[in-house]
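Everything below concerns the one structure shown next.
The values are calculated or read from the model by the stated rules, or taken from the named source; none is laboratory data. Computed from a predicted structure; not experimentally measured. Cβ coordinates were reconstructed from backbone atoms using ideal geometry, including for glycine residues, and neighbour counts include every protein chain displayed. Keep in mind that these areas ignore ligands, DNA and RNA; they rest on the heavy atoms of the full protein, side chains included. Shrake-Rupley method; radii C 1.70, N 1.55, O 1.52, S 1.80 Å.
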Amino acid sequence: MSQNKTVNRRVVLKARPRGAPIAADFQTEQGNVPTPADGQVLLRTLYLSLDPYMRGRMSDGPSYAAPVAIGDVMVGGTVSRVEASRHSDFKVGDRVLGFAGWQDYALSDGKGLSALSLDEPHPSRALGVLGMPGFTAYMGLLDIGQPVAGETVVVAAASGPVGSVVGQIAKIKGCTVVGIAGGAEKCRYVMDELGFDFCVDHHAADLPARLAAACPKGIDVYFENVGGAVFDAVLPLLNTKARIPVCGLIAAYNAIALPPGPDRLGLLAGTLLRKRIKMQGFIVFDDYAPRWREFASAMGTWVKENRVKVREDIVFGLENAPEAFIGLLEGKNFGKLVIQLARD
Ligand SMILES: NC(=O)c1ccc[n+]([C@@H]2O[C@H](COP(=O)([O-])OP(=O)(O)OC[C@H]3O[C@@H](n4cnc5c(N)ncnc54)[C@H](OP(=O)(O)O)[C@@H]3O)[C@@H](O)[C@H]2O)c1
């Protein structure tokens, strides 16, 4: 792990991927550690969050956010230590949440930085359960999904930072919760550790039949994280008045064309109409920023009380970020994927 105080390593976007990203789409560059001007702070990245949305930033197709330009540092949420400060709000040694991207050091004018307590023993959780992914799970499930005790809630990518929190909140709300995850080990974790009622392995054969068996009363809330074959299995099981928060479609993030087979739009629209289903997309900070405090308070309490359990997949070293990110899109992570760049 780099502890170099003079060299700044930066992972930049070298090429836009066609299909799944490959190592050659990234390039690591070295430069001098920058010096803060008046009103700026120098940040040392401690933890970098790797998240599926970064695949979208590597492309220049239509999106809710601008792409990373070729040659620019890859974007990303970070927990950093203030190394030098010429800003009245921050002093050396402070720990901050920000958006410094895939690099060892960054300058900031303080905008978008928020202070983190130095007493927090797990600062990386500010990038996961207590940060953007946790907020996403909380708002998508409670505001759009509106689960009612006794209903059946289904979520895929169930061992990940969004899905694991969706399922655990749904359990707190008294629902029956069925997860979908890749592989027996993840499924075991989702049931035995997180307390989901059941978990279906989407790598095993005959997903539609096994999901149907796991949801004998149908599905009232389907929290959409993946799309693809999982959504095909969910669609016939949806109950009248079901709700579908559309959070992500990771199965298609590397797609370069529509999937083969018959056009399923008619089937989808017909199902929504007949069953009066609500299906609504959301982008968490664009839609819900004013409710951050409410989330932070509720989730902070649940985590403290161990009612929401946390699993992190921490990879050491910035140099391993590209491979870890490529793996995230293939389901190789097990829990919230975070790169640790330096000792805290
Ligand atoms: N709308 C928003 O504001 C917002 C904010 C944050 C995240 N999101 C979205 O929420 C979703 C979950 O994010 P996360 O950070 O919690 O990710 P994550 O669970 O850490 O990682 C993604 C997981 O997706 C699963 N996956 C990948 N390809 C799949 C496929 N073809 N079929 C089924 N599952 C597949 C894998 O888990 P398995 O091995 O278990 O299959 C993989 O580990 C993503 O779609 C993300 O883009 C949206």
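Can you give the relative contact order of the chain as a percent, counting alpha carbon pairs under 8 Å and 6+ residues apart? Kindly include the intermediate steps, with their values, before the conclusion.
Values: 723 pairs, mean separation 61.5, N = 344.
Relative contact order comes out at 18 percent.
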For the chain, cysteines with no other Cys Cβ under 4.7 Å from their own Cβ are listed as C175, C215, C247
Sequence-distant aspartates and glutamates (8 or more away, or on other chains) whose Cα lies within less than 14 Å of K336 | D51, E312, D313
Carbon plus sulfur fraction of accessible area for region 148-203, probe 1.4 Å, in percent = 51
With a ≥ b ≥ c the root eigenvalues of the C-alpha gyration tensor of the chain, is it rounded (a/c under 1.5), prolate (a/b larger than b/c) or oblate?
-> prolate
Please give every one of the lysines within straight-line cross-link reach of K332, meaning a C-alpha to C-alpha distance under 23 Å, and leave out same-chain neighbours fewer than 8 residues apart.
-> K186, K309
Using only the Cα atoms of region 156-295, build the gyration tensor, take square roots of its eigenvalues as a ≥ b ≥ c, and label the shape rounded, prolate or oblate: rounded if a/c is under 1.5, else prolate if a/b is larger than b/c, else oblate.
-> rounded
Return the lysines within reach of K91: Cα separation strictly under 19 angstrom, same-chain partners fewer than 8 residues apart disregarded; answer none if there are no such residues.
-> K5, K111
Quick one: grab the alpha carbon gyration tensor of region 220-344, order the square roots of its eigenvalues as a ≥ b ≥ c, and give me rounded if a/c is under 1.5, else prolate or oblate depending on whether a/b is larger than b/c.
-> oblate
Region 1-133, Rg to Rh (Cα coordinates; Rh as Kirkwood inverse mean 1/r) | 0.98
Expressed as a rounded percentage, what relative contact order does region 178-256 have, with Cα pairs under 8 Å and six or more residues apart?
-> 24
Along Cα→Cβ, 7 Å out, is where each label goes; now give me the distance between the ones at S297 and Q146 in nm to one decimal.
-> 2.3
For the chain, what does -39500 (n - 2.57) per DSSP helix run (n ≥ 4), summed and divided by total residues, give at 222 nm, in deg cm²/dmol to the nearest 500?
-> -7000 deg cm²/dmol
1.4 Å probe accessible area per residue over the chain, in Å² = 46
Describe numerically, in nm with one decimal, the distance between label points set 7 Å from Cα along Cα→Cβ at A229 and at R276.
-> 3.5
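What does the extension gain come out to for D344 and K111, with contour length at 0.36 nm per residue minus their alpha carbon separation?
Full extension of this stretch gives 81.6 nm more.
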Using a 1.4 Å probe on the protein chains only, how many percent of the accessible area of region 1-127 belongs to carbon and sulfur?
-> 51
First measure r as the distance between the Cβ atoms of K91 and N254, then evaluate 1/(1 + (r/R0)^6) with R0 = 45 Å and state the FRET efficiency to the nearest 0.05.
-> 0.55
